[in-house]
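Data first, discussion second: the structure below is written as structure tokens.
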Ligand code: FUL
């Protein structure tokens, strides 16, 4: 059992104490006259929108890459495929969603249209779709089946609609933007609630030899109107690509990153609380939101990382990859390095030609779930409820430290630590160290930089009767929501 120990010499702070936030905004503009202290305080007060917060709390989401490529055995189709090739023999979207649900996955995203332009719903605007396939005599609709299963099982539903379309003749002209708006409108009006819209960045040339100029502002406006609670990911303003498809995020991952101020049209009365522009510039570099980076920024925005990876080498199902399904242990490692690094994991599980998740994938997912359940079944730091921080000293500089100390019941051995910030107050911790009391002195167990929504750390088994978390540097006072100690 954990006990909160009051360190008498220290000034006591409430973890959820008041912060003077004028308006809850997910962006802030930096004035040229702002000092370092001003900028750091501004960064600390940038918070997620309710939709971004909901999304972050999902932790685990899934991708279903399924389409004409499943039947041509390709990763990228060229748009000339015969629709008659699409013919799953036993498609059951309820199986896809229930497997995900049992694996602890909270939201799924279906590739409604990949780069080949083949639509998994009977779009009115193209012939390259399920309506010209033999599946259910052309009366089938995969988008409908997946969205229905999600609604039935209480799982979030999202759509991937590839801007790059290698089938559409209008691609490369302004008319394609109308086509895209029509397709988005179908998807966002005919299938109930949509929780995430995922835009890939791929962009090619159309039959006219011209590169398509995507009308992102128009698309965002439409999504906000039709599905105001959806997050727009990757080529969108709400969720950013972590920058790799390996499943491994950054050691230092900030959800508050520099934005281009010229893109931000904040209303003068401050009533605009979100920013609806696609950030420009490199979002794949090393550390995006460090002090060095924010000090040079003209604006900052809440733009959290999504970490996507496939359970197999490819995004689409290929039978020759059946033996290369990631093991439960590998998925666990990915979990530590995605969710455990302030990201949301988007794990691709591609349905096979039958239209089912294959046995190998299901087994691996369930094995991974068992590992997580086992690991997190007992928090050796107990469930003491809201913790409190001790602030050491009364200075107003970054040298100030915050300490949380826990008495464990007797001596306990653990090798995993889980930390969480209450990100509804912003992301603040810049560096921390976890220490254990051994042989009469405090010793370092593990240290780190950012925490964010969740930070998972693994280390050699450590035995102690007391531990403490020292926040060595933070942007204003930190709000620690959770400290957990586990034995893996
Ligand atoms: C990429 C695409 O080109 C892949 O085929 C896949 O859909 C992946 C998630 O995004 O950019």
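The values are calculated or read from the model by the stated rules, or taken from the named source; none is laboratory data. What you see is a predicted model, and the numbers here were worked out from it, not measured in a lab. Positions of Cβ are backbone-derived with ideal geometry, glycine not excepted, and every protein chain shown enters the neighbour counts.
Data for the structure
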item	result
Which numbered condition residue 355 fails, given (1) assigned to a loop (DSSP other than H, G, I, E, B); (2) at pLDDT below 95	(2)
Leading residue by the ranking (surrounded by the fewest Cβ atoms within 10 Å (Cβ to Cβ)) among those in the stretch 68-103 that are part of a loop (DSSP other than H, G, I, E, B) and within 24 Å of the chain's Cα centre (by Cα)	75
Residue in the stretch 453-465 that is within 24 Å of residue 59 (Cα to Cα), at pLDDT 95 or above and assigned to a loop (DSSP other than H, G, I, E, B) present	yes
Selected residue (criterion: surrounded by the fewest Cβ atoms within 10 Å (Cβ to Cβ)) from residues of the stretch 180-228 that are within 16 Å of the ligand (Cβ to nearest atom) and within 22 Å of residue 157 (Cα to Cα)	201
Residue in the stretch 175-186 that is in a helix (DSSP H, G or I), in the same structural domain as residue 350 (by TED's automatic domain parsing) and free of Cβ contacts under 8 Å to residues at least 24 places away in the same chain present	yes
Every residue from the stretch 289-313 that is surrounded by fewer than 18 Cβ atoms within 10 Å (Cβ to Cβ) and within 16 Å of the ligand (Cβ to nearest atom)	313
Residues of the stretch 148-166 that turn out to be more than 15 Å from the ligand (Cβ to nearest atom) and over 20 Å from the mean Cα position of the chain (by Cα), as a count	5
The stretch 119-147, residues that are within 26 Å of the chain's Cα centre (by Cα) and part of a helix (DSSP H, G or I)	142, 143, 144, 145, 146, 147
Counted residues, the stretch 51-93 - those being more than 16 Å from the ligand (Cβ to nearest atom) and under 19 Å from residue 363 (Cβ atoms)	3
Filtered residues of the stretch 311-352 (kept if within 22 Å of residue 95 (Cα to Cα) and not in a loop (DSSP other than H, G, I, E, B))	319, 321, 322, 323, 324, 328, 331, 345, 346, 347, 348
Of the criteria (1) within 16 Å of the ligand (Cβ to nearest atom); (2) under 17 Å from residue 312 (Cβ atoms); (3) in contact (Cβ under 8 Å) with a residue 60 or more places away in the chain, which one residue 99 fails	(1)
Residue under evaluation residue 441, criteria (1) more than 20 Å from residue 287 (Cα to Cα); (2) buried (at least 19 other Cβ atoms within 10 Å of the Cβ); (3) out of contact with any strand residue (DSSP E or B) (no Cβ under 7 Å at 6 or more places or on another chain), criterion not met	(2)
